[in-house]
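This report concerns only the one structure given below.
Derivation of every value follows stated rules applied to the coordinates shown; laboratory data play no part. Nothing here was measured: the structure is a model prediction, and the numbers come from that model. All Cβ positions, even for glycine, are placed from backbone atoms using ideal geometry, and neighbour counts span all protein chains on display.
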Amino acid sequence: MAEEQLTAPSSDEASGKRGIHGAWSSRWTFVMAATGSAVGLGNIWKFPYIAGENGGGAFVLVYLICILLVGMPVMVAEVMLGRRGRQSPINAMRYLTQEAGLHGAWNAIGWLGVTAGLMILSYYAVIAGWALYYIGQMASGTFQGASADQAGVVFGQLLSSPKELIFWQSIFMLLTMAVVVGGVTRGLGVAVRILMPLLFVLLVILLGFSIQRGDFARGFSFLFSFNFEALTWAGVLEAMGHAFFTLSLGMGAIMAYGAYMPDHARIGRTVLAVGFLDTLVALLAGLAIFPIVFANPTIEPGAGPGLMFVSLPVAFGNMAGGLLFGSIFFVLVTLAAWSSAISLIEPAVAFLIESKGFNRITANLLLGGLAWSVGLGSVLSFNVWADVTLAGFNFFEFMDFLTSSVMLPLTGLFIALFVGWLMKPEAVRSELMDESSGVFTAWRWILRYISPAAVLVVFVMGVYKTFS
Ligand code: PFF
């Protein structure tokens, strides 16, 4: 097939007034949208439970190092690629590959990313569905005065019912598609600006409860004392994969959002703000959850995906105003998941519109339907297919492993190599003009040497040890 010739974005497009998908109204909207994408189930639900499964402290340390040395540099690279390409990740990569005079195989960065996004969305919608279900359970008083055992029973009942799970998964998917149909800049930008601060406030309230009523000292030391014996290579790979997952990297979301970024916005600071907020929310969630876990001996730190859905209802059910706060909390978790889910589907939607002439509605129906169908596998893996495993993983675990621990780090590695080694340094510099030359040089050095080496070592060792 002949490569279609891709043109550079017009100056009108480059000035931020892009016709086809729209643009963020300001740098601040980008920060909020990117934070909306980054802060989601990964921070509140996934981070605490995988930290718990991997013994806590040492895992957290590796995760933080990965955020700093791999996540942040790659995020700068992704925003930069998106803004220079000014199209969906697939077409942006086609354009940039041509610009750099490289083999078309580098387009794989775009394709891998978009595919990973849809795969993540498939199970993300299932888990977000749990949060939706919990809003009603909280409000109706199911957890009033509940013990950890009782909360465990409610959660178990939810998981055992495919019908219930599919119902809530479907509602969440429809919500996501509805916003993406409306376009990214309207609605979402506004919603995120109000909701993210609110989520933060509620987490602080929960933290207050944990300090007062949980075993805070034990929770704290679990998260921050570095017990390296508990850490395995498989855990290190999971920590690195999670650094990509939580920052929405390695799958085109940030690249797609970068494409809507105003031309003169400073990328470096923006990325720092997003990374800082994302990490803060994850740590706050961990600090809110673990003290409650340790105060209730029937909840195991390594309880897995149900950790938040069992520990937090116990907290809410036993605090003054807990029913109200609890309902609000799960509304906010749903919203955080919503603003992330949008960024999981948007890159693929943008591609179908640009290249295949779809309109937003059809593109959403098609892709949303696809992710929904694949998600049924995850639904069933919590009940009917619980014992169906591949390489020791059930369907949900397999999708999670394949995306977080394989596809995202590999795409991130390719991005670091592409920007660090293959793009013309002047082209890279021209997008990062506002950074001082010291900052630019340090960033490029880390991206060329440290990030790829770290990803490679962790990936090879992690995969080898996971399967040996
Ligand atoms: N960063 C999101 C979270 O932590 O929940 C998940 C996610 C969103 C991953 C968008 C990847 C992505 F592109």
Stokes-Einstein translational diffusion, the range 321-379 - Kirkwood Rh over all Cα pairs, 1.002 mPa s, 20 °C, in µm²/s: 160 µm²/s
Two-decimal ratio, the range 213-350, of alpha-carbon radius of gyration to 2.2 N^0.38 Å: 1.25
Looks like the range 24-171, by Cα gyration tensor root eigenvalues a ≥ b ≥ c and the a/c under 1.5 rounded cutoff (else prolate when a/b is bigger than b/c, oblate otherwise), is prolate
When only Cα pairs under 8 Å and 6 or more residues apart are kept, what is the percent relative contact order across the chain? 34 percent
How high is the relative contact order of the range 299-420? Use alpha-carbon pairs under 8 Å, at least six apart in sequence, and give a whole percent. 9 percent
Against the 2.2 N^0.38 Å rule of thumb, the C-alpha Rg of the chain sits at a ratio of 0.94
Measure out, as a whole number of angstrom, how far apart the alpha-carbon centroids of the range 196-216 and the range 24-47 sit. 20 Å
To the nearest 10 degrees, how steep is helix 108-139 against the longest Cα principal axis of the chain, on a 0 to 90 scale? 30 degrees
Residue-averaged 222 nm ellipticity for the chain, from DSSP H runs of 4+ at -39500 (n - 2.57), nearest 500: -22500 deg cm²/dmol
Taking the Cα centre of each part, how many Å lie between the range 357-399 and the range 285-341? 25 Å
Taking only C-alpha pairs under 8 Å that are 6+ residues apart, what is the relative contact order of the range 288-361 in percent? 15 percent
The alpha-carbon pair-distance distribution computed for the range 121-229, with 5 angstrom bins and whole-percent values, is 2, 9, 11, 15, 18, 16, 14, 9, 4, 1
For Lys465, counting only aspartates and glutamates whose alpha-carbon sits under 14 Å away and dropping same-chain residues fewer than eight positions off, the answer is Glu238
Choose one of Ile345, Met93, Phe244: the residue whose Cα lies farthest towards the positive end of the charge dipole of the chain (beta-carbon charges +1 Lys, Arg; -1 Asp, Glu; about the Cα centre). Met93
Send over the per residue convex hull volume for the range 377-466, Cα only, as a whole number of Å³. 116 Å³
